[in-house]
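The values are calculated or read from the model by the stated rules, or taken from the named source; none is laboratory data. Being a predicted model, the structure only gives us computed values, none of them experimental. Here the Cβ positions follow ideal geometry from the backbone for every residue, glycine too, while neighbour counts run over all protein chains shown.
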Amino acid sequence: MATTKSKKSVVKKTASKILVKPVGFDEVKSTNLKTSKLKLSRKYLVILLLLVLAGGIYLARGLFVVATVGGFPITRFQIIRELEKESGKRVLENIVTKELINQEVKKKNITVSDEDVQKQIDEIKKGLEAQGTTLEAALTTQGQTMNDLKANIKLQKSAELLLADKTAVTEDDVRKYYDENKDTFDKTAKYEDLKAQIESQLKSQIFQTEIEKYLTDLKAQYKINYFVSY
């Protein structure tokens, strides 16, 4: 009997332990802890992302907002819209012209060397220095960079090569111009000294006339679609 009671007592104690601490309690507790840590980690991650986003917007504010007046922002979109109203059509036509010339240059395998571009730059620089200024000052005044100047010179020379057969000037052309305009030159200047200047001037005049015709023909040949009307 004593043994039976002892066994019953052990069974009761064991049952009591089982009721107090069910199977899987540690696992549930561990899972809840991991879930809490995961939620906390996500919270910190979201905060970090928001801080990074805010910092990025602050650093890149100039990309979207150009100024503020009494806290009211003036956006780049507003600037672009006003600029398009004022000169959108002219700028668009300039870009179209550049693209037409570039495509024709590629088609006809015409190249302008860096040496030719630099030679032109040196001539411009020399002319400006004779007038008491510098190339850098002139570029700053016009809101251009040296790369802009190089690109413009390359484009100009490319167009001149495209029209080389139409802008040729002969010795007779130069002599005729000199004879007809003697009174406009310095009386002490000789023909040989003025020859290169006259030839360049005549070529420039012919070029201005021919390039207009040439571009008109190109625009008729190429398919140009305009999606915005200025």
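Quick grid of which residues meet (1) over 20 Å from residue 158 (Cβ atoms); (2) free of Cβ contacts under 8 Å to residues at least 12 places away in the same chain; (3) among the aliphatic types (A, V, I, L, M):
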residue: 190; (1), (2), (3): yes, yes, no
residue: 194; (1), (2), (3): yes, no, yes
residue: 212; (1), (2), (3): no, yes, no
residue: 219; (1), (2), (3): no, no, no
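Does residue 110 fit the bill of being touching a residue at least 40 places away in the same chain (Cβ under 8 Å) and over 22 Å from the mean Cα position of the chain (by Cα)?
yes
Assessment of the range 213-223 against the conditions (β-branched (Val, Ile, Thr), assigned to a helix (DSSP H, G or I) and loosely packed, with under 13 Cβ neighbours inside 10 Å) yields at least one matching residue.
Checked against the criteria, residue 77 counts as surrounded by 10 or more Cβ atoms within 10 Å (Cβ to Cβ), of a type outside the set (Lys, Arg) and either more than 30 Å from residue 222 (Cα to Cα) or modelled with pLDDT under 90 (or both). Search the range 129-154 for residues that are without any contact (Cβ under 8 Å) to a residue 12 or more places away in the chain and pair each with any residue that is loosely packed, with under 13 Cβ neighbours inside 10 Å and not acidic (Asp, Glu) when their beta-carbon atoms are under 7 Å apart and the residues are at least 6 apart or on different chains. From the range 129-154, the pairs are 139/145; 139/146.
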